[in-house]
Structures are given as structure tokens and as C-alpha cells.
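What follows is one structure encoded as C-alpha cells, with my remarks underneath.
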Amino acid sequence: MSNPSPLALVVDDDEGIRQMLSAVLSKEGFAVTTAADGVEAVAAFEASRPAVVLMDIRMPRMTGLQALAAMRKIDRAAAVILMTAFAQVETAVQAIKEGAFDYIIKPFDIAEVLLLVGRALQVRGLRDDIAVLHRALTASYRTDRILTNNPRMMELLQSVAKVAKSNATVLVTGESGTGKELVAAAVHYNSPRSGGPFVKVNCAAVPEGLLESEFFGHEKGAFTGAVARRRGRFEQAEHGTLFLDEIGDISPSLQVKLLRVLQEREFERVGGTEPVRSDVRVVVATNRNLEEMVRQGQFRQDLYFRLNVVTLRTIPLRERPEDVRLLSGHFLQRFAAENQIDVTGFDDRAMDCLLRHSWPGNIRELSNAVERAVVMCTGRLIFPEDLPEQIACRPAEPEDAEEPVPADAAVDIAPGSGLPLRVMISQYEARAIGEALLRNGGNRMRTAQELGISRRSLLYKLQEYGIA
């Protein structure tokens, strides 16, 4: 059975434009419905939920911007491309802020319209794919924070589901930024101990002199400043899971005491003499080679064997290329919501940059790159210039691309200005931010509130435009 044709809604008070776009989209395989004004458009949208909407801005009874607002109340993910014969930057900015997928100026090039429609469908399809995969993973493994299409990562998740049922100590290995903490959390929340606490300690972040007290707690008067008894992380994790990250960084003396806890299930607080029983499952992680450290005498062999009951190895992002697109879409949705920025997807060139990058910082680097791009972009799509400099790239040209670009090729230029529309929008935005900053006496918090953005987004914009 073949897939149904995607539905497109064409809205314009000009019957000739409706007929022309209907014919073009029908030829491209769309099922097309039309409306003559905003009121009809909203009714048709609610009844049929089209995949994409092409809609004029200036229409009788209800404008395109008003219809857009009504459509987004029905479906916030609506892919609406607005059309107008009035090339005003203010209108373009307002349309994008109101949630339009993109903005096109009449008279338009048919190839440009089809390109925008194709991108809108691509973004919507990616969002649907992420939702389907997210539901599947959650149902199968309840690891709703781990997204992957990679077969090796799927095998890792299956191993997590198996080992979680036991009480065995788990060693999670892998490079920095590959999600070792997420794997540890998945072990805990899929285990019979999921109702207990999940306590985390970054061994590399705690000074060596304080790490023993951090682990086991201390008695009053055990050392200068110990004014009261303090429960350590082992006690805090009672009947739950204790996650020790960067376990390779602990000192030899602390390795001995940790080995005792794992073997005898008891410990003593610093300055204490009474043993404290411990009912804790221990999961440890490291990005170092513990076997090599054992050979060099830097890590106890008996502790290594005690920790290495079950080993789970996370996969570097460079070995999971199919996950770059998936995770990028996930982080885009997350950071767009956190910063209250209406960004819907990546330009093809920007995605090409993400797919080409080697990701030495793994998922953490990808997350930071997408967050930066979300707050730096000025439209609905992320472009290569929005990405960090080390990730932005020049997409490879086809080997046979030797013909010069025709002088009359369609480009995104605002009529009468000689400037690309995105440049004009940036200039308008910088001016608006500067004026708002002056009105609020330089107070950034009030300026951000007036502009309807987060303070963090405002700081990025001030840096981008060099506004003091």
C-alpha cells in the first residue's frame, strides 16, 4: 500500500495565484486544498491538518499573521510559509517571530517555493521521527533520555536492561561526553532500586583531602571545621545507587577503603570507630584505561577486578554518524523551548557541517554547538554561520560543478536594497535591541523582558552585534 500524498493548503485572495500554486504542487505529488482568506484557511487547517501551508499576508477578513496565530493554537508545529508583495523587513521579522516557517516575497520563483516546501516537510518529518523513536525507546528500555539509531548503542541499551535487574557492580567506560552518566542513571532507574536515591560523585572535582569525607562522612571534631556529624554519599545512597564518576582519579589510600566497602558492605566515618552497614549498589565510570593503570601500578588490581564485574562501553559520536541528525533535532527542540526561541530546524548546509564534523567532544560538544546556534540564529532555520567556528564548514562542491552561477539566478535579496534579507533582518534586530537597551537604562533583565527573550539570549545577541 503506497503512502498517502502530503496535503498542502494554499491561501490567497488572488484566484490566479491559488490555481497556479495548486497546479505546481499537484504536479509535485501533493494533495492540495485552497482558501480565499484567513477565516477559510483556519477552518480548513483545523479540519484537514495539512503538512504545509502557503499563505498570503494581506487578505480580507483575517490577515495571514492572524491566521498563523490561530493555526499555531491548533498545532504548534504547523509549517506555514507566508507570502507577501510588500517587501518590508518589519513584516518579515514579525512573521518569523509569530512562528512562520519562512517568508517569501512576491513575485517569487517557483523553484524557491518548492525548495521551502521541501525543507518544511523535512523538518516536520524529522520531528515526527524523533517522537516515534523516543516513544519506542521509552517503551522498550525506559531510557527516555538516551536517543539513538546506532545498532551498537541499541545493544548497549539491551545490556543495560539486563544488568539493571541484578545487584552487580558496573563499570562504565568511554570517552568524555559520550553519556556515561546517562548509562549509569539508566542502570539505576531500570533496577529494583529505582525507588531509592541515585547519588552522584565526580571524583575528579572533589579535592583529594576531602574525598574520603565525601564518600564516608565524618564525626563531629574529626578535623578542623567538623562542627557536626555529616553523612557521606554512601549513607545518602542507602537502598539506592551510588555513581562514582572519574574513578581512576582517586588516591591509592582511598582505593583500599573503597575495596573494603565493596567486599564487606561496611565502612567507618572519618574520625569514627563504629562500622556503618552499607546497602548500596555501586556504578563507576572512567574515561581512562584502568587496565593500563593497573600495569603501571597506579590502580589496585584487586579493586579493578571488584569493579569490573560488568563493563558497559559507551560509543563515541564519530562512530555513531546516524545519531548526529537525531540528536541535533532533539537538542534544537530542547534549547529552543528553554530560551523561548522559535527555531524549527537546520538549513541543509548547516546539517552538512554537523555531519562532517569529527566531534572530539562527543555528545557534550554537539549539545553545546546546537545551543549556541539556537541563540545566535535570527530566523526559523539554523545556518552554517550560526554554528561555532570550528564546526561551520564550506560544503563540498560536486566535482562537475564548473559552470558559473547564472546572473539571473534566484537569491534571497530584498528588492530595492541590494542586501540579502537575512542581513537586513539582522540590522533591524540590532537596532531594536539597542533602542530597547537605551529605554531601560542599560538594564539587561528589563530589556530582555521587553523583547520577550531570555536574558541569556540577549547576552548572546549583544555579543553578536557588538552592542556595549
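What the pair-distance distribution of region 190-232 shows, using all Cα-Cα distances binned every 10 Å from zero, is 24, 39, 28, 9, 0 percent.
From the C-alpha coordinates alone, can you work out the Kirkwood hydrodynamic radius of region 43-113, in Å? Could the numbers behind the result be given before it?
Numbers: mean 1/r = 0.0810 Å⁻¹.
Here the Kirkwood hydrodynamic radius works out to 12.3 Å.
Report in % the part of the accessible area of region 200-260 that belongs to carbon and sulfur, leaving out ligands and nucleic acids; probe 1.4 Å.
On region 200-260, the fraction of accessible area on carbon and sulfur atoms equals 51 percent.
Each peptide in 201-209, 303-311, 380-388 gets a packing score, the mean of other Cβ atoms within 10 Å over its residues, and the list from highest to lowest is 380-388, 303-311, 201-209. Once the C-beta distance of residue 358 and residue 39 is scaled by a Förster radius of 60 Å, the resulting FRET efficiency is 0.70 to the nearest 0.05. Packing order of peptides 437-448, 350-361, 278-289, highest average first: 278-289, 350-361, 437-448 (average count of other Cβ atoms within 10 Å over each peptide's residues).
Near residue 229: Cβ cut-off under 14 Å, other residues only, Lys/Arg at +1 and Asp/Glu at -1. The net charge is 0. Restricted to Cα atoms, region 164-213 shows a radius of gyration and a Dmax of 12.8, 35 angstrom. Note on residue 461: lysines with a C-alpha under 25 Å away, same-chain residues under 8 apart excluded, are 97.
Determine the shape class of region 188-296: with a ≥ b ≥ c the square roots of the Cα gyration tensor eigenvalues, call it rounded for a/c under 1.5, and otherwise prolate if a/b is greater than b/c, oblate otherwise. Taking the square roots of the gyration eigenvalues as a ≥ b ≥ c, region 188-296 is oblate. Picking from 465, 218, 31, whose Cα lies most toward the positive end of the charge dipole for the chain (charges on Cβ: Lys, Arg +1; Asp, Glu -1)? Working it through, the farthest residue towards the positive pole turns out to be 218. Pairwise alpha-carbon distances in region 247-301 exceed 19 Å for 36% of all pairs.
Are there chymotrypsin sites (Phe, Trp or Tyr not before Pro) in region 159-235 that DSSP puts in a loop and that have at most 14 other Cβ atoms within 10 Å, and which ones? Intermediate values should be presented prior to the final figure.
On the way: sites: 189, 198, 215, 216, 223, 234; in loops: 223.
Qualifying residues, ordered by number: 223.
I'd like to compare 368-377, 252-261: which one has the highest average count of other Cβ atoms within 10 Å, and what's the full order after that?
368-377, 252-261
Taking label positions 7 Å along the Cα-Cβ direction at both residue 295 and residue 436, the computed distance is 5.9 nm, reported to one decimal. Just the number, please: carbon plus sulfur as a percent of the accessible area of region 46-111, 1.4 Å probe, no ligands or DNA/RNA counted. Roughly 50 percent, rounded to a whole number. Here is the list for region 68-122: trypsin sites (Lys or Arg not before Pro) lying in DSSP coil, each with at most 15 other C-beta atoms within 10 angstrom of its C-beta, are 76. Our helix-only sum for the chain, with -39,500 (n - 2.57) per DSSP H run of n ≥ 4 divided by its residues, gives a mean residue ellipticity at 222 nm of -14500 deg cm²/dmol. DSSP finds beta bridges in the chain, and of those with both partners inside it, around 10 percent are antiparallel.
The values are calculated or read from the model by the stated rules, or taken from the named source; none is laboratory data. Since the model is a prediction, treat every value here as computed from it, not as a measurement. Counting neighbours? That spans all protein chains shown, and the Cβs are built from the backbone with ideal geometry, glycine included. For the accessible areas, the whole protein counts, side chains as well, though only heavy atoms, and no ligand, DNA or RNA atoms are used. Shrake-Rupley method; radii C 1.70, N 1.55, O 1.52, S 1.80 Å.
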